[in-house]
Amino acid sequence: MDTVLYTVCAVAGWIAVAYMVRLQRRHPSQARRAICLGLGAFAAGITAAIPPIAAAIDQASGLPNLAKVISHGCALTISANAEIMLLHFALPPAKAAARARVWVWVTGFAFLVMAGLFAYTLTYDDPVLLTVEYATDPVVTAYLLIFLLLGFFAYCFDITRLCWSFAKICGRPWLRRGLRITAVGAAFALLYSTNKIVYLIAYWAGHQPTGERQIAAVLVTIGALLITTGLTMPAWGPTLKISRRWEDFHSYRRLEPLWSDLIAALPELELDPALRRTLAALGDIDYALTRRVAEIRDGRLALRPYTDVGVTALAEQFAERAALTTEERQAAVEAAHLACALRRHGAGLVAAVPQPADELHRPDGGYAGEVAWLTLVTDAYARSPVVAQTLAASGEHTAESAPHPTAGDTRR
């Protein structure tokens with residue numbers, strides 16, 4: 001069974017390597033370079049671990065366990081490069097490079113110690129294998145513990161934590177999905193390490209349980225395929241047409257709270273009321289989303305006379321207390337401006353000092369960046385306490401007949 005499972009992983013690994021190397025040549029980056037190195041190490045390591053190939057390597061070299069040492073070295077390389085990729089995502093380039101060098105030195109030193117322990121086993125009169133069945137040998141135990149505790153516990157725990165945390169604040173849908181899948185794959189790698197250590201303890205206690213190889217093969221296969229899928233998903237995911245249509249529809253729906261309030265206040269902005277029907281929007285989602293984005297931006301421009309410059313200081317004060325990221329803070333400030341401007345518009349109160357047009361946030365990334373930015377603003381408009389606090393502190397009040405006594409009331 002392990003031969004079949006490892007072969008499937010090897011084939012998937014080499015396909016992923018070819019795809020990512022091609023992409024790296026076209027659009028080079030430090031993070032993608034780390035992914036290429038990690039996937040290359042994975043593909044080479046899992047190939048060397050296929051039992052017939054491992055036996056051929058050991059026989060050709062005359063060194064028992066050589067194939068296993070190669071596979072373990074590749075596993076450490078995979079973990080290190082996944083960690084480096086996440087560091088480049090989460091930290092400024094200089095700080096990420098410094099942290100990455102530390103991991104490289106630690107990993108390199110650990111592997112040198114493992115290689116020294118492997119070389120020591122070659123001096124035995126009776127050969128041993130670097131597996132849990134021979135874990136009662138202190139040298140084998142030391143080798144396995146270094147490999148498992150660094151290559152899996154230290155790395156995979158950190159990878160799981162970083163992936164899951166970064167996915168929560170990531171604005172790119174396919175990167176967010178890839179990070180979560182990678183986190184689940186790293187969790188399976190932790191189970192693999194736990195399985196090995198449990199069996200190691202059992203052998204030290206004098207027991208001889210069976211099934212370790214089969215369990216390890218299943219856990220490695222699941223973890224490896226999930227990690228490979230997760231690391232490459234940000235590259236190939238957006239190319240799927242059906243996924244793009246779903247993402248567009250999802251963005252179309254997420255923009256509804258802000259769009260609905262703007263159209264209720266400024267009905268002349270809506271050019272195609274038929275798009276209110278879900279089926280009509282799905283029939284031409286590109287057009288429907290484009291119209292919704294354009295109408296929100298037109299509404300922002302129409303509300304400029306009601307957008308008070310004093311709202312910025314209030315919103316930023318509340319955003320700072322909420323410990324928001326830079327992007328979340330910008331979105332909350334713009335959402336607060338829109339909420340207060342809608343209230344002023346409903347009351348017929350023009351701002352004494354309107355917000356300058358050149359201070360409006362202009363996102364990068366073209367149309368896709370615009371959609372991502374407006375969804376963040378809409379989320380803040382509908383749910384952020386910063387918006388509610390700014391509305392309360394701004395002292396703006398409307399008559400009972402005003403269509404928008406509070407932000408988002410037409411949705412709630």
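The values are calculated or read from the model by the stated rules, or taken from the named source; none is laboratory data. Since we're looking at a predicted model, the values are computed, not measured. Don't worry about glycine lacking a Cβ; one is built from the backbone with ideal geometry, like all the others, and counts go over all protein chains shown. Heavy atoms of the whole protein, side chains included, go into the accessibility calculation; ligands, DNA and RNA do not. Shrake-Rupley method; radii C 1.70, N 1.55, O 1.52, S 1.80 Å.
Label separation (residue 105 vs residue 59): 4.4 nm, computed from points 7 Å beyond Cα along the C-beta direction.
Between 326, 229, 47, the GNM of the chain built on Cα springs shorter than 10 angstrom shows 326 fluctuating the most.
Considering only alpha-carbon pairs that sit under 8 angstrom and 6 or more positions apart, the relative contact order computed for the chain is 12 percent. Annotation: amide H of residue 308 within the under-5 Å range of 355, sequence separation 5 or more or interchain, hydrogens built in the peptide plane. Relative to the longest principal axis of the Cα atoms of the chain, the long axis of helix 310-321 makes an angle of roughly 30 degrees.
Computed from point charges on the beta carbon alone (+1 for Lys and Arg, -1 for Asp and Glu), the dipole magnitude for the chain about its Cα centre is near 420 Debye.
Largest GNM mean-square fluctuation across 345, 88, 27, computed for the chain with C-alpha springs under 10 Å, falls on 27. The C-alpha atoms of the chain define a longest principal axis, and helix 212-236 lies at about 40 degrees to it. The figure for residue 122 is an accessible area of roughly 70 square angstrom, using a 1.4 Å probe on the protein chains alone.
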